[in-house]
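First up is the structure itself, then whatever we jot down about it.
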Protein chains: 4
Amino acid sequence: MCRWAAYIGQAIFLDEIISRPGHSLIHQSHCATQCHTAINADGFGLAWYGERAEPGLYRDVMPAWSDPNLKSLTAQVKSGLFLAHVRASTGTATSRNNCHPFAVGRWSFMHNGQIGGYEAFRRDAEMLIPDTYYPHRKGATDSEALFLVALGEGLEADPKAAMERACAKMEALSRLRGAGPHLRLTCALSDGTRLYAVRYASDNQAPSLYHRWSDSRRGRAVVSEPLETEEGGWEELAQNAFYTFEGKKVTSVPFAPGALAQAAA
Amino acid sequence: MCRWAAYIGQAIFLDEIISRPGHSLIHQSHCATQCHTAINADGFGLAWYGERAEPGLYRDVMPAWSDPNLKSLTAQVKSGLFLAHVRASTGTATSRNNCHPFAVGRWSFMHNGQIGGYEAFRRDAEMLIPDTYYPHRKGATDSEALFLVALGEGLEADPKAAMERACAKMEALSRLRGAGPHLRLTCALSDGTRLYAVRYASDNQAPSLYHRWSDSRRGRAVVSEPLETEEGGWEELAQNAFYTFEGKKVTSVPFAPGALAQAAA
Amino acid sequence: MCRWAAYIGQAIFLDEIISRPGHSLIHQSHCATQCHTAINADGFGLAWYGERAEPGLYRDVMPAWSDPNLKSLTAQVKSGLFLAHVRASTGTATSRNNCHPFAVGRWSFMHNGQIGGYEAFRRDAEMLIPDTYYPHRKGATDSEALFLVALGEGLEADPKAAMERACAKMEALSRLRGAGPHLRLTCALSDGTRLYAVRYASDNQAPSLYHRWSDSRRGRAVVSEPLETEEGGWEELAQNAFYTFEGKKVTSVPFAPGALAQAAA
Amino acid sequence: MCRWAAYIGQAIFLDEIISRPGHSLIHQSHCATQCHTAINADGFGLAWYGERAEPGLYRDVMPAWSDPNLKSLTAQVKSGLFLAHVRASTGTATSRNNCHPFAVGRWSFMHNGQIGGYEAFRRDAEMLIPDTYYPHRKGATDSEALFLVALGEGLEADPKAAMERACAKMEALSRLRGAGPHLRLTCALSDGTRLYAVRYASDNQAPSLYHRWSDSRRGRAVVSEPLETEEGGWEELAQNAFYTFEGKKVTSVPFAPGALAQAAA
């Protein structure tokens, strides 16, 4: 399990989401309350958009709470769109390349969840990554593979459809050669303009995910657990849904890779 | 390019090969004389055999010369069979999982050289790794892939034939989809009982490789560059040959993946 | 707070104490039960004695549970006398030089506890380190300073008296310029022949410390928390006592720096 | 020896100084031409000023050329005043706290050079650091000590005088208890508004230091070695001088700690 937080809106210092709130992402890295593992100390990462098309990417295997570089970075850098993640490994080694978010071109992606029994069909999963994107395969996580498959499925043209097809392929492999629960997913992705998030599980037990608009910041946070425990306004994202966040707007459409997966399997 | 050193014989402190000699492996990590890159500071690693069947494995991305843990380890640990490597990356990221040696079960492997144009056919190369060994694919190097393919080809039963077939497959892919020089190889591998080394290049320009028996140590060093520049007795390993070192014995047989590769391409 | 484990007896693989037991040191690094912090993930270290007079020293800032190098090392290395520690920082930065154990010559030392209000008199504390040992001051912890002061007080000649005087000096400084609780201490130290341990607190609330002889291993473990929760034979070390472990023998004498401290303050 | 680069002017991406030029700081980290060590791979660091009074600080022990985090950071972050440094250790361990620049409050500082025989009088040197600044002593370098002593001497009120007095004290200690050359210094420091640089050596052999105004960037670079070898306009900073850079202005005054040092010794 992992925890993550994303933001879209007026540019703010990264630490306003990552470390300052009472139950910030850093706090969740050692005291998460809504997942199996209270501790998410197997690495952290952040991707933030600024003047360039491609995001900046900062990842390390240290526990988030003890990295002075992260502290400094988040206190200094401002961004109107960023993704941040703290990792609890589901098996793969601790290595910078296995930390989220992943970035290819102007796309960034992070994931909390699992693809059931992945180790048994890992090779088949990686074979789904087309040649064009294979050079971007740097680690060994299921999450990075899912992202690269989604890119191959046309993330650029239609993010929702591409993610759906990618998830369907992974879920099909899991049903065929893996183990249940086949796919549990909360993920966030961005092209630098919009922020997307998905909440889905083949067994309807998707990890937690919330969002909240802040008038003072003029921006929206999308997070695994509410950043302030005593604060209202946190809405849960619906399961089986693909969300698009742009400016203050929120839209969602049904997300159903399961049907595709069962057809394929 | 990289540099490496292996040893088989009476148990000695690791530092007798790794750091103490005048042109030790550590010295070669910042002052190599017989390869393109004087500096090999993109990581180091060592695999050593002791009481267990599997070797110990210690790898890190720090330059070898500045790691106090390595210094301590090599001063304390004794072994009669070990492999050590300092890395200069040919493209792949610096990460512990991309450092040599690699170890699977009781086998260990390290490599200096390149598979020409690997990035262009990386996916096909990884597809050669059988399911049984795929879970051991942790990084993204061509070296690790070559090792896992060799294991799949039956390293256990016939090391020379397996390495030859694995190299042939890689060379064939390079001829088909990569770039010249197609395969340059000096590698060392061990099952904990014997030490094997190969020196081969598709263009006959294999990296340097020497060996020398030491009566005082009662053991043999096999190294990229002689450990002492003023010392005699260093013999160059022949190109296109597969060597077996056991006790004091040295045997070699021709190694010719090229023929197999050209047949396959 | 931190957790530690030491061993003296017949040579065993380090992992028999560090990772294999049900409530091993590694387990205590993320699930400690008898201290404030369940998580001790701000670094780990081990010092082990072998053929050389000086111990080997391996320390890193990674959480202990996720370091494959540590896993390998402890599975391969055997020793009849070693110290291992997992750290929860009481303020000082995470850095290899701030990890325990510390080693100078053939002496090694590790500590769990605190010197109250240390940051307020840190300079005075460091000024207690004599010139001879000052070059060994590499980090900024109170523990390292305490060790160097003890060396200066004649650890070589009389470990108990030296530790007592060193603790008295630190406690006096804390009473003068620091804050309560002035000194809480469980520490272990060794010269490669004997293992020593101290349990003391100026307010009689010393951290937990136990020991147990194992007939099967023919050795004794001295640990912050019992290695197996269902296992009998674990004896608590008395507070205000300095223990000497040699072979199977255990002796203890009163340890009373407080009197010295109050005289000095 | 080390190499460093600083910049003051219109905000630019950090990589325009740190990595993009032909002989950028990153290039100098493995191919320096005007110092003893071609390789400066014992760590790097950067301090940059943005919206906050305190600078951001990013330091790591990895060779600069292989850190993807640094690459990302410098491609994304813009600043009108920053310091960057690559380190070749003169003895002290590789550790983030021993990397330059150092930062206290809004001040940042980096150094290339040495204080002769420092290890012999390190304790006396640290004793010069006043209580107020002692908590900021995190590592063990002579550079960090020099900076803290300078802060204590009133860097805030009169940077030139404070640096001069601090250097005089260190030089005096070296003359008394150290070894020649007693003090070689090129350093840069900033309070977030102005950039200061010093070039001085007790034996008149100060390390190299240049500066150049760029009309296209509308900013000035101050560097150990010119960023482009074929580029004109690089002026050498005079020895025994304290420079102030503000906007486009450059002023310098004599810097003579030696007289003070010899008086004190």
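The values are calculated or read from the model by the stated rules, or taken from the named source; none is laboratory data. Not measured: the values here are computed from a predicted model. Here Cβ is always computed from backbone atoms with ideal geometry, including for glycine, and neighbour counts include all displayed protein chains.
Details
Yes or no, residue by residue, for (1) within 14 Å of chain C (Cβ to nearest Cβ); (2) within 25 Å of residue D:67 (Cα to Cα):
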site: D:101; (1), (2): no, yes
site: D:115; (1), (2): no, no
site: D:133; (1), (2): yes, no
site: D:143; (1), (2): no, yes
site: D:152; (1), (2): yes, no
site: D:155; (1), (2): no, no
site: D:158; (1), (2): no, no
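- Scanning segment B:133-168 for residues being in a helix (DSSP H, G or I), in contact with a Leu (Cβ under 8 Å, 6 or more places away or on another chain) and surrounded by fewer than 22 Cβ atoms within 10 Å (Cβ to Cβ) gives a total of 7.
- Residue in segment A:3-22 that is under 21 Å from residue A:211 (Cβ atoms), basic (Lys, Arg) and touching a Ser or Thr at 6+ places or on another chain (Cβ under 8 Å) present: yes
- Residues that are under 19 Å from residue A:231 (Cβ atoms), in a loop (DSSP other than H, G, I, E, B) and among the small types (Gly, Ala, Ser), drawn from segment A:1-40: A:19, A:22, A:24, A:32
- Meets criteria (within 17 Å of the chain's Cα centre (by Cα) and within 21 Å of residue C:133 (Cα to Cα)) for residue D:120: no
Yes/no matrix, rows are residues, columns are (1) surrounded by fewer than 19 Cβ atoms within 10 Å (Cβ to Cβ); (2) more than 20 Å from residue B:113 (Cβ to Cβ); (3) touching a residue at least 24 places away in the same chain (Cβ under 8 Å):
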| position | (1), (2), (3) |
| --- | --- |
| B:202 | no, no, yes |
| B:220 | no, yes, yes |
| B:225 | no, no, yes |
| B:233 | yes, yes, no |
| B:251 | yes, yes, no |
| B:257 | no, no, yes |
| B:261 | no, no, yes |
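- Checking each residue of segment B:82-94 against the condition of being assigned to a helix (DSSP H, G or I) and crowded, with 17+ Cβ neighbours inside 10 Å gives no match.
- Answer from D:72, D:66 - the residue that is modelled with pLDDT under 90, surrounded by fewer than 24 Cβ atoms within 10 Å (Cβ to Cβ) and among the small types (Gly, Ala, Ser): D:66
- Residues in segment C:162-181 that are among the aliphatic types (A, V, I, L, M) and within 17 Å of the chain's Cα centre (by Cα): C:162, C:163, C:166, C:170.
- Filtering segment B:56-81 to residues that are away from chain C (no Cβ under 11 Å) and in contact (Cβ under 8 Å) with a residue 60 or more places away in the chain leaves B:80, B:81.
- Test set (1) more than 14 Å from chain D (Cβ to nearest Cβ); (2) surrounded by fewer than 23 Cβ atoms within 10 Å (Cβ to Cβ); (3) part of a helix (DSSP H, G or I) - residue C:180 fails condition number: (3)
- Being surrounded by 20 or more Cβ atoms within 10 Å (Cβ to Cβ), within 17 Å of the chain's Cα centre (by Cα) and not aromatic (Phe, Trp, Tyr) is a description that does not apply to residue C:244.
- Any hit, segment D:203-223, residues being touching a strand residue (DSSP E or B) at 6+ places or on another chain (Cβ under 9 Å), assigned to a loop (DSSP other than H, G, I, E, B) and of a type in the set (Lys, Arg): yes
- When C:122, C:137 are checked against the criterion of being in contact (Cβ under 8 Å) with a residue 12 or more places away in the chain and among the charged types (D, E, K, R), C:122 stands alone in meeting it.
- Taking the listed residues A:124, A:42, the one that is surrounded by fewer than 21 Cβ atoms within 10 Å (Cβ to Cβ), touching a helix residue (DSSP H, G or I) at 6+ places or on another chain (Cβ under 7 Å) and of a type in the set (Asp, Glu) is A:124, with no other qualifying.
- Considering residues of segment C:6-39 that are at pLDDT below 85 and in contact with a helix residue (DSSP H, G or I) (Cβ under 7 Å, 6 or more places away or on another chain) only, the residue surrounded by the fewest Cβ atoms within 10 Å (Cβ to Cβ): C:38
- Of the residues A:160, A:169, the single one that is under 18 Å from residue A:111 (Cα atoms), among the charged types (D, E, K, R) and out of contact with any helix residue (DSSP H, G or I) (no Cβ under 9 Å at 6 or more places or on another chain) is A:160.
- Flag if residue C:231 is closer than 28 Å to residue C:33 by Cα, more than 19 Å from the chain's Cα centre (by Cα) and either of a type in the set (Ser, Thr, Tyr) or assigned to a loop (DSSP other than H, G, I, E, B) (or both): yes
- The residues of segment C:178-202 that are among the aliphatic types (A, V, I, L, M) and touching a strand residue (DSSP E or B) at 6+ places or on another chain (Cβ under 9 Å), listed by number, are C:183, C:185, C:188, C:189, C:195, C:197, C:198, C:201.
- Hey, residue D:155 closer than 24 Å to residue D:53 by Cα and touching a residue at least 24 places away in the same chain (Cβ under 8 Å) or not: yes
- Residue in segment C:46-55 that is buried (at least 24 other Cβ atoms within 10 Å of the Cβ), closer than 18 Å to residue C:221 by Cβ, within 11 Å of another protein chain (Cβ to nearest Cβ) and of a type outside the set (A, V, I, L, M, F, W, C) present: yes
- Note on segment D:34-76: residues that are hydroxyl-bearing (Ser, Thr, Tyr) and closer than 14 Å to residue D:86 by Cα amount to 3.
- Failed item in (1) more than 9 Å from every other protein chain (Cβ to nearest Cβ); (2) in contact with a Pro (Cβ under 8 Å, 6 or more places away or on another chain); (3) of a type in the set (Lys, Arg), with residue C:87 passing the rest: (2)
- Inside segment A:95-132, residues that are assigned to a loop (DSSP other than H, G, I, E, B) and of a type in the set (A, V, I, L, M, F, W, C) make up a count of 3.
- Residues of segment A:222-243 satisfying the condition of being of a type outside the set (Phe, Trp, Tyr) and within 16 Å of residue A:111 (Cα to Cα): A:222, A:223, A:224, A:225, A:237, A:239, A:240, A:241
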